[in-house]
Amino acid sequence: MILLFGLPDDPPIAAVRARLAQQRGNALMLDQRDVLATSAEVRFERDVSGWVSWGGVRVDLNEVEAAYLRPYDPTAVESVSRVGRDSPEGRHAVEVYEAIRVWSELSDACIVNRLSAMASNGSKPYQAELIRRAGFAVPTTLLTTDPERALAFVEEHGQVIYKSLSGVRSIVSRLNADMRQRLSLVANCPTQLQRYVPGFDVRVHVIGDEHVACRIVSDADDYRYASRQGRRLELEPFALPLDCAERCRALAAELGLLMAGVDLRCTPEGEWVCFEVNPSPGFTFFETPDGRIASSLVRLMTSKRRGAA
């Protein structure tokens, strides 16, 4: 049995459900929107065991051989957010979330991905060090609250981008003349500046031992927001060099991720620079017409089940 945990209209969850349905896979959707009608219990003896119940269905968690986890903040779902985190409903939502989280950490089922493994994305500087250790080049970076150091970094490198330090999504932007005049504001908040790296972008989705690479053609600083900015955006399949593909797989494994979205840029000199690793990628944005990413994920969960890392 495969367990899906999150929101059914979340595009990656929906894509996996559709692929499983085509293959008549045995899967159950644990919908966070129904959390107030959901109960869960996890026990610890020599092994972890437990159950989860919702909508008249009771599932023995020992029967779950694989799970795809894309949960949202348990108190942000509509039925809970309107009454608050500290309400009985809020506490119940957190308890259900924690039960599934703890089970997923200790179970020997194939978990895509354990929430603890996703934690490296909470600090971009920390993750960058892990990426560097894996053999990828990383951009020259400054983290600072000192306006003078920020200005010196800009003057040294010329073209510079700034972005979030944390796992909270931000729009990656190139520092322009107007922003340069406002560098004194970095005194108010730790700021991450990076030397701009020329080249073309490639998103690599690692799924177990497989990978799917996509080249991004865009004139936006952050291609994710190209359409919002009226910029060009095209996606095309890309044959990643074998040594780079192996490095991506090794990096995902080192981070404890069975599935990962690796953001690369190939410089004009042919060097591969890695910006970050997304531990829960919204892969449908990059999906191929024949659904290769979803198919690879379903194949992983239906073939690698119990005992997977």
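Values quoted throughout were computed directly from the atomic coordinates according to the rules given, and no laboratory measurement underlies them. Nothing here was measured: the structure is a model prediction, and the numbers come from that model. Here the Cβ is made from the backbone with ideal geometry for all residues, glycine too, and neighbour counts use every protein chain on show.
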Original post:
For mean projected area of the Cα convex hull in nm², the listed values are [x] 15.2; [y] 18.2; [z] 19.5; which was obtained by calculation from the structure presented?
Top reply: [y]
Original post:
Among V96, V59, V112, V42, what is the fewest-to-most ranking by other Cβ atoms within 10 Å?
Top reply: V59, V42, V96, V112
Subject >> Neighbour-count order for K163, K124, fewest beta carbons within 10 angstrom listed first >> reply: K163, K124
Subject >> R182 versus S170: modelled label distance in nm, points set 7 Å from Cα along the beta carbon direction >> reply: 1.2
**OP:** Calculate the spin-label point distance for E41 paired with V57, positioning each point 7 Å from the Cα along the beta-carbon direction, and give it in nanometres.
**Re:** 2.1
Subject >> Anisotropy class of the range 15-55 from Cα gyration tensor, a/c 1.5 cut >> reply: oblate
Original post:
Shape of the range 2-112 from its Cα gyration tensor (a ≥ b ≥ c, root eigenvalues): rounded if a/c is under 1.5, otherwise prolate when a/b > b/c, or oblate?
Top reply: oblate
Original post:
With a sphere of radius 15 Å drawn around the Cβ of V102, what net charge do the other residues whose Cβ falls strictly inside it have (Lys, Arg +1; Asp, Glu -1)?
Top reply: -4
Subject >> Phi-based couplings in Hz for the range 158-165 (Karplus 6.51, -1.76, 1.60; Gly and Pro marked x) >> reply: x, 8, 9, 10, 10, 7, 5, 7
Subject >> Extended-chain gain in nm, criterion 0.36 nm per residue less alpha-carbon gap, E105 and R299 >> reply: 67.7 nm
Original post:
How large is the helix-only mean residue ellipticity at 222 nm for the chain, computed as the sum of -39500 (n - 2.57) over DSSP H runs with n ≥ 4, divided by its residue count, in deg cm²/dmol to the nearest 500?
Top reply: -8000 deg cm²/dmol
**OP:** Using θ = phi - 60° and the Karplus relation 6.51 cos²θ - 1.76 cosθ + 1.60, list the HN-Hα couplings for the range 93-108 in order, rounded to whole Hz, with x at every Gly or Pro.
**Re:** 4, 5, 5, 5, 4, 5, 4, 5, 4, 5, 4, 5, 6, 9, 6, 8
Original post:
What is the local net charge at Y126, summed over the other residues whose Cβ is closer than 14 Å to its Cβ (Lys, Arg +1; Asp, Glu -1)?
Top reply: 0
Original post:
Which GluC sites (Glu not before Pro) does the range 207-302 hold that lie in a coil by DSSP with at most 14 other beta carbons within 10 Å?
Top reply: E269, E271
Subject >> the range 28-186 - convex hull of alpha carbons, volume per residue in Å³ >> reply: 178
Subject >> R0 of 45 Å, Cβ-Cβ distance E254-L151: FRET efficiency to nearest 0.05 >> reply: 0.80
**OP:** Among T38, T288, rank each residue by its count of other Cβ atoms within 10 Å, from fewest to most, as a rough exposure measure.
**Re:** T288, T38
Subject >> Table column - 3J(HN,Hα) (Hz), the range 55-64, Karplus curve with 6.51, -1.76, 1.60, x for Gly and Pro >> reply: x, x, 10, 10, 10, 6, 5, 5, 8, 7
Original post:
What is the calculated FRET efficiency for Q22 to S79, with r their C-beta to C-beta distance and R₀ = 30 Å, to the nearest 0.05?
Top reply: 0.45
**OP:** State, as an integer percentage, the relative contact order of the chain based on alpha-carbon contacts under 8 Å between residues 6 or more apart.
**Re:** 19
